[in-house]
Amino acid sequence: MLVVMPDARHSDAAEIEQNVFGQRAEIRAYQADSQADIPSEVWKSADALMIWGRIHCDKEMLERVPNCKIVIRMGVGFDAIDIEEAGNRGIPACNVPDYGTTDVADHAIGLMLSLTRGIVQNHNALAEDPVGNWRSIDIPMMRRIRGSNFGIIGCGRIGTAAGLRAKALGMNVIFYDPFAEDGKDQSIGFHRHSTLEELLREADIISIHTPLTNETNALINKQTISFMKKNAILITTARGKVVDLDAITDALKSGRIAAAALDVLPEEPPNPAHPLFAALKRGEAWTIGRVIVTPHVAWYSPDGAHDARKKAAQTIINFLTNGILKNCVNKHFLNSGATI
């Protein structure tokens, strides 16, 4: 059996995956820029696909793999796979929902603390002048977080993990998630809001942990921003398109919200000419201490990357050899062929 990884994000020869497969399957990993970079005979021979997301698994790719039996996204978000098209072809689409839970939650809390404790500003000041700046400096977001409201949008694995960390810091944790099961709030000690507007009006810190769907695309926009407190801090480590970057830029520049920490963006890498990045490069006053951007790295740690690869390979080989299917995200589109 042949497993194809068209857009590997690692430089090794896929040893982790091959060790999981053993003699049961062969993996071929590419760092292709487009589907056309991979020989057609490889596509035709593929029994499974492992997708990182640089190249999307769309209808075109699925047409190239007539023998494909399963496709997996090497991460939590699965918007890089056309799950409906895969389902209509009888191909289960899966993800790896648990590989980086702690890493992403840690990153979200780290972004919050970087803003509210002025860590980046203090570091930059000392790097510029370690003697003259050895003092308290003006930090616009400096605040005591104990007793403030940490609002979660999307209280799944990662959202819950982030909330538990915030709770340990003495924060009041609230969340909005219409898909969370009844009673979840009671089991973890968070307060549940029934509408997004309610949460946004109450939260001091807003941390986004929702997948990208038709319902969550541009969920944070000009209208929903208008519900937020003026001192609110927005953090997103989920999917870039959940947030309207133009609306956030306008809100920050006008002082409508206090700050934002963005690990994900609608366009990655971003356009340097976008008003937010142009302002950051020029060091405009409204960005200083109020904006932090990281390059979609919340998921990453050596341990997390290893887990993503190993768990994805286990999901693939368990299905190909034993028909055992885990973490399927397109059950509602499958029309045949999978034991779920």
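The values are calculated or read from the model by the stated rules, or taken from the named source; none is laboratory data. For clarity, every value in this text was computed on a predicted model and none was experimentally measured. Here Cβ is always computed from backbone atoms with ideal geometry, including for glycine, and neighbour counts include all displayed protein chains.
Quick check: anything in region 47-59 out of contact with any helix residue (DSSP H, G or I) (no Cβ under 7 Å at 6 or more places or on another chain), of a type in the set (A, V, I, L, M) and under 11 Å from P6 (Cβ atoms)? For region 47-59, residues out of contact with any helix residue (DSSP H, G or I) (no Cβ under 7 Å at 6 or more places or on another chain), of a type in the set (A, V, I, L, M) and under 11 Å from P6 (Cβ atoms): present. Each residue in region 130-169 was checked for being farther than 14 Å from I119 by Cα, out of contact with any Leu (no Cβ under 9 Å at 6 or more places or on another chain) and among the β-branched types (V, I, T), and 3 of them qualify. Only residues in region 57-74 that are closer than 11 Å to A93 by Cβ count as the first member; pair them with residues that are charged (D, E, K, R) and not in a helix (DSSP H, G or I), Cβ under 9 angstrom, at least 6 apart or cross-chain, and list the lot. Sorted first by the residue in region 57-74, then by its partner, the pairs are C57/R73; C57/D82; L62/D82; L62/R89; C68/D47; C68/R89; I70/D47; R73/D79.
Taken over region 262-316, residues that are acidic (D, E), touching a residue at least 24 places away in the same chain (Cβ under 8 Å) and assigned to a loop (DSSP other than H, G, I, E, B) amount to 3. Checking each residue in region 44-56 for being without any contact (Cβ under 8 Å) to a residue 60 or more places away in the chain and either closer than 17 Å to A8 by Cβ or within 27 Å of the chain's Cα centre (by Cα) (or both) picks out A46, L49, I51, W52, G53, R54, I55, H56. May I ask you to verify whether N67 is of a type outside the set (V, I, T) and either over 18 Å from F333 (Cβ atoms) or modelled with pLDDT under 95 (or both)? Here the answer is yes, as N67 does meet what is asked. No other residue among D303, D250 is under 25 Å from T195 (Cβ atoms), surrounded by fewer than 18 Cβ atoms within 10 Å (Cβ to Cβ) and either outside the structural domain of C155 (by TED's automatic domain parsing) or among the acidic types (D, E) (or both) apart from D250. Can you say whether E41 is at pLDDT 95 or above, surrounded by fewer than 19 Cβ atoms within 10 Å (Cβ to Cβ) and either charged (D, E, K, R) or within 23 Å of the chain's Cα centre (by Cα) (or both), as far as the supplied structure shows? Spelling it out, E41 is indeed at pLDDT 95 or above, surrounded by fewer than 19 Cβ atoms within 10 Å (Cβ to Cβ) and either charged (D, E, K, R) or within 23 Å of the chain's Cα centre (by Cα) (or both). The lone criterion from (1) within 30 Å of I158 (Cβ to Cβ); (2) among the aliphatic types (A, V, I, L, M); (3) in contact with a strand residue (DSSP E or B) (Cβ under 9 Å, 6 or more places away or on another chain) left unmet by A46 is number (1). Whether a residue is closer than 25 Å to S148 by Cβ and either surrounded by 21 or more Cβ atoms within 10 Å (Cβ to Cβ) or among the polar types (S, T, N, Q) (or both) was assessed, and V293 does not pass this test.
Aromatic (F, W, Y), in the same structural domain as F277 (by TED's automatic domain parsing), in contact with a Lys or Arg (Cβ under 7 Å, 6 or more places away or on another chain) and surrounded by 14 or more Cβ atoms within 10 Å (Cβ to Cβ): is that true of F227 in this structure? Yes; evaluated as a whole, the condition is true for this residue.
All conditions but one from (1) within 22 Å of D106 (Cβ to Cβ); (2) in contact with a His (Cβ under 9 Å, 6 or more places away or on another chain) apply to V243; the one that does not is (2).
A quick yes/no check of all residues on (1) of a type outside the set (K, R); (2) over 17 Å from R239 (Cβ atoms):
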| site | (1), (2) |
| --- | --- |
| E60 | yes, yes |
| R64 | no, yes |
| R73 | no, no |
| V76 | yes, no |
| D79 | yes, no |
| E84 | yes, yes |
| N88 | yes, yes |
| A93 | yes, no |
| G100 | yes, no |
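Residues in region 247-260 that are touching a residue at least 12 places away in the same chain (Cβ under 8 Å), farther than 13 Å from V291 by Cα and part of a helix (DSSP H, G or I): A247 alone.
Return a yes/no flag: does region 314-327 have any residue that is surrounded by 15 or more Cβ atoms within 10 Å (Cβ to Cβ) and among the small types (G, A, S). No; the residues of region 314-327 include none that is surrounded by 15 or more Cβ atoms within 10 Å (Cβ to Cβ) and among the small types (G, A, S). The residue that is modelled with the lowest pLDDT, counting only those in region 124-171 that are farther than 18 Å from W299 by Cα and hydroxyl-bearing (S, T, Y), is S136. Only one entry in I188, I235, I220 is more than 20 Å from the chain's Cα centre (by Cα), among the β-branched types (V, I, T) and either under 21 Å from A161 (Cβ atoms) or buried (at least 21 other Cβ atoms within 10 Å of the Cβ) (or both), namely I188.
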